[in-house]
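Visitor: Before anything else, here's the structure in question.
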Amino acid sequence: MAEQRILKFMNDAGSEKLSFYRNRMNGYAGLAKALAMESKDIITMVKESGLRGRGGAGFPTGDKWGFIPNDGQEHFVLCNADEGEPGTFKDREILSHNPHAVIEGMIIAARAVGAKRGYIYIRGEFEKERAVLEGAVAEAYDAKLLGKNISGSGFDFDLFVYRGAGAYVCGEETSLISSLAGLRGHPLLRPPFPAVKGFYGKPTVVNNVETYANVGSILNYGTKWFRSSGTDKAPGTKIFCVSGHVNKPGVYELPLGTPFTDLLAECGGVLDGRELKCVIPGGSSTPMLLPNEVEDMTLDYESIASKGSMLGSGAVIVIAHETCMVRTIWRLAKFYEHESCGFCTPCREGLPWLSKIMESIILGKANGNEMELMASIIKGIEGNTVCALADAGVTPIKSGLKKFADEFTYAIENKRLKYQFWTEQTAGAQTVRS
Ligand SMILES: Cc1cc2nc3c(=O)[nH]c(=O)nc-3n(C[C@H](O)[C@H](O)[C@H](O)COP(=O)(O)O)c2cc1C
Ligand code: SF4
């Protein structure tokens, strides 16, 4: 296994403890350096490191922090630990095994943007992770790493853990902010972006768990060290969540730019030696790629984009030959339909319409015009909604209709599915009801 930075000690007992973080990982040494620096110099350093957000879009973290105005207003830093995208399960591992790295990153971010309060918005279902995280926050308070006059620096910062209620849409940053403020968790049109008008209407930084977990070591070991892993445009490591038809599903921390074939080999290859059918490279909302598209692909933003997909959250879903793609895509569509907040008509009405059409195909009740109809519904949804959930929901359908058109056509014409291979690992156990 190549160099691991964040999850190196995930299998060691007690890795979540402050003493372990300090003694074995040089923890909070980056914070000590940051407390002695000017805010603007911290932001410059994070910019120079090239760190990009690990929540999905890959936006440069230092640039995001640099957007917070220096205007004397109250500012906030928020950590997005909602982790709801199907196939994504890395943040829960970081929170369970290295929570202090996240806390340290947030204190440094707060120092950089002049925030005195921060919140970690954790997915409601993460009960075990919440308990570990709250234990780590309590330890940090006891050690005077949080609260008033941190480590005698004169800098004050309070950190709170807030549980979400299990809505995927609350991972979208404006929705998260509304939910945290006690409002209904539905997204807002941007601009204004949270950096201008965020939590309680004040400038706010929102970053992913994995993003914050990289910050302490950047401050401690420097930008050159950080850039010694990964590619020029995508430095550092990335935690990939591998699921589906592989022999060893799990989390794999690898340098960005690692060949996809190396990751697949680390996972023990495709389940039971089957042939690869396709890969969803960055979470269920990213376009599917065929074997010939992934064979020379490296795991970084640019290489995956050049193949027509996205690195996203790093959730790699592997699908083996003979899996029924009509059912797989239908199952993904059901997720997005269920998670729509209902505010925009194209999302609220269009997503269930698409899954109903796929259900009719699966049940052998298609009448022949389904593929054209689905394409026209997708056109009506894309780009016409407040947030990206609806676009995310149509992405697997759109890419499936293009890449597996033969399977849809076969099912429509023959009133039965071409492939029967279907496991819980592919896309859940739910079955179509007539
Ligand atoms: C529907 C939807 C769900 C999202 N869920 C998450 C999530 O669970 N975790 C996350 O970090 N970002 C999620 N995002 C992206 C966030 O809006 C935001 O871009 C991210 O937290 C920024 O952090 P980063 O710059 O560190 O990547 C989601 C976006 C959308 C549209
Ligand atoms: S796109 Fe869907 S989830 Fe997003 S705001 Fe509109 S209805 Fe809500």
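Visitor: Taking the conditions exactly as written (assigned by TED's automatic domain parsing to the domain that holds Arg52, over 21 Å from His75 (Cα atoms), more than 15 Å from ligand 1 (Cβ to nearest atom) and aliphatic (A, V, I, L, M)), does Val132 satisfy them or not?
Guide: yes
Visitor: While we're looking at this one, here's another question. Within region 285-307, restricting attention to residues that are assigned to a loop (DSSP other than H, G, I, E, B) and touching a residue at least 60 places away in the same chain (Cβ under 8 Å), which residue is surrounded by the fewest Cβ atoms within 10 Å (Cβ to Cβ)?
Guide: Leu290
Visitor: Can you work out which of the residues in region 111-127 that are of a type in the set (D, E, K, R) and more than 15 Å from Ala165 (Cα to Cα) is surrounded by the most Cβ atoms within 10 Å (Cβ to Cβ)?
Guide: Looking at residues that are of a type in the set (D, E, K, R) and more than 15 Å from Ala165 (Cα to Cα), I get Arg111.
Visitor: To continue, here is another question. Would you pick out the residues in region 156-210 that are out of contact with any Ser or Thr (no Cβ under 8 Å at 6 or more places or on another chain), more than 13 Å from ligand 2 (Cβ to nearest atom) and β-branched (Val, Ile, Thr)?
Guide: Val161, Val196, Thr204, Val205, Val206, Val209 - these are the residues of region 156-210 that are out of contact with any Ser or Thr (no Cβ under 8 Å at 6 or more places or on another chain), more than 13 Å from ligand 2 (Cβ to nearest atom) and β-branched (Val, Ile, Thr).
Visitor: Further question: Looking only at region 52-75, decide whether some residue is in the same structural domain as Tyr119 (by TED's automatic domain parsing), outside any loop (DSSP other than H, G, I, E, B), surrounded by fewer than 24 Cβ atoms within 10 Å (Cβ to Cβ) and of a type in the set (A, V, I, L, M).
Guide: no
Visitor: Just for region 314-359: of the residues that are in contact with a helix residue (DSSP H, G or I) (Cβ under 7 Å, 6 or more places away or on another chain) and polar (S, T, N, Q), which one is farthest from Gly87 (Cα to Cα)?
Guide: Among residues in region 314-359 that are in contact with a helix residue (DSSP H, G or I) (Cβ under 7 Å, 6 or more places away or on another chain) and polar (S, T, N, Q), the one farthest from Gly87 (Cα to Cα) is Ser355.
Visitor: For region 34-51, enumerate the residues that are in contact with a Leu (Cβ under 9 Å, 6 or more places away or on another chain) and within 12 Å of ligand 1 (Cβ to nearest atom).
Guide: Val46
Visitor: Of everything in region 151-189, what is within 30 Å of Met37 (Cβ to Cβ) and in contact (Cβ under 8 Å) with a residue 60 or more places away in the chain? Give them in sequence order.
Guide: Of the residues in region 151-189, the ones within 30 Å of Met37 (Cβ to Cβ) are 151-162, 173, 176-177, 180.
Hits for region 151-189 are Ser151, Ser153, Phe155, Glu173, Leu176, Ile177, Leu180.
Visitor: A further question on this structure: Would you mind finding the one in Asp391, Asp406 that is surrounded by fewer than 22 Cβ atoms within 10 Å (Cβ to Cβ), within 16 Å of ligand 2 (Cβ to nearest atom), at negative phi and assigned to a helix (DSSP H, G or I)?
Guide: Asp391
Rundown of residues vs (1) among the hydrophobic types (A, V, I, L, M, F, W, C); (2) under 29 Å from Pro281 (Cα atoms), yes/no style:
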site	(1), (2)
Lys8	no, yes
Met37	yes, no
Thr44	no, no
Gly53	no, yes
Gly62	no, yes
Ile68	yes, no
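Visitor: Please report, ordered by residue number, the strands (runs of 3 or more DSSP E) entirely within region 212-284 with at least 3 residues that are over 30 Å from Ala405 (Cβ atoms).
Guide: Per the criteria, 237-244, 250-255.
Visitor: Provide a single number: the residues in region 34-45 that are of a type in the set (A, V, I, L, M, F, W, C), within 10 Å of Ala112 (Cα to Cα) and part of a helix (DSSP H, G or I).
Guide: 4
Visitor: How many residues, within region 76-100, are part of a helix (DSSP H, G or I) and modelled with pLDDT under 95?
Guide: 0
Visitor: Might you let me know whether region 250-260 holds any residue that is buried (at least 24 other Cβ atoms within 10 Å of the Cβ), within 24 Å of Gln420 (Cα to Cα) and either in contact (Cβ under 8 Å) with a residue 60 or more places away in the chain or assigned by TED's automatic domain parsing to the domain that holds Trp353 (or both)?
Guide: No, that holds for no residue.
The values are calculated or read from the model by the stated rules, or taken from the named source; none is laboratory data. A quick note: this is a predicted structure, and the numbers were derived from the prediction, not measured. Backbone-built Cβ (ideal geometry, glycine too); neighbour counts: all protein chains shown.
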